[in-house]
Amino acid sequence: MGEDGTKRPRGRPPIPDDVQRRRLVTAAIRVFSQKPYDGARIADIVQEAKMSSRSFYQFFESKEDVVVEVIHAVMGAFLRNLEAVFAATEDPIERIDRGTAAALEIFVGATLDLHALGGAAGARATEARTHYVRRISAMITRELGLAHERGQVAAPPDPAAVELLVTGVEGVGLRFMAEGRSEELRRLHPVLMGLLVRAFVGESGSSL
């Protein structure tokens, strides 16, 4: 009994919903890192999480639902990391340079192909991934705009062009990782940096 004379409930205390949800998402990341979308089953996820199918359906309606949550978890973490990298310096070109290096390191260490996973899972998953690509593009566009104001690049950034470049960088990174070319990917840092910045140098010949 407790100090007030009431009976204490027996057994383990209930696990909070947010903890259960995170456990399922973490398990899904591990499963999708080992199996393609079509080869992974909900049973694999709940087994990895050491939870029941009933618990899974308490939080998600389908395998596609958990993929969307996986994309939010992985890309959200990347965005927070990018914001921290940007906060470490006030120079916009340096921010982009450090952000590019950080992105390449994430690709090198990645075990999950979000592009393939999102495409296989359907429209909602693809939209979630595209949402983050656009947010990253907006951050880089903002930094290039600041660089233009400071005279570091001659041309103002075109948001559509930045998004195209970011999407291309993502595609290159995923392809190199799928082919096991991580060291080559690291060496592409100055090339990718050049694509992101020199595209906006303009005819004046302004340099970094």
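Before moving on, here are some points about what is shown:
- Some residue of region 165-188 being part of a loop (DSSP other than H, G, I, E, B), closer than 17 Å to ALA73 by Cβ and of a type in the set (A, V, I, L, M, F, W, C): no
- Picking from residues in region 112-140 that are touching a residue at least 12 places away in the same chain (Cβ under 8 Å) and β-branched (Val, Ile, Thr), the one that is surrounded by the most Cβ atoms within 10 Å (Cβ to Cβ) is ILE140.
- A single entry from LEU112, LEU117 fulfils the requirement of being at pLDDT below 90 and part of a loop (DSSP other than H, G, I, E, B): LEU112.
- Pick from region 43-64, criterion in contact (Cβ under 8 Å) with a residue 24 or more places away in the chain and in a helix (DSSP H, G or I), ranking: surrounded by the fewest Cβ atoms within 10 Å (Cβ to Cβ): GLN58
- Filter result (assigned to a helix (DSSP H, G or I) and either small (Gly, Ala, Ser) or within 17 Å of LEU114 (Cα to Cα) (or both)) within region 149-162: ALA160, ALA161
The values are calculated or read from the model by the stated rules, or taken from the named source; none is laboratory data. Only a predicted model underlies this, so the values are computations on that prediction, with no experimental measurement involved. Glycine also receives a Cβ, built like all others from the backbone with ideal geometry; neighbour counts cover every protein chain displayed.
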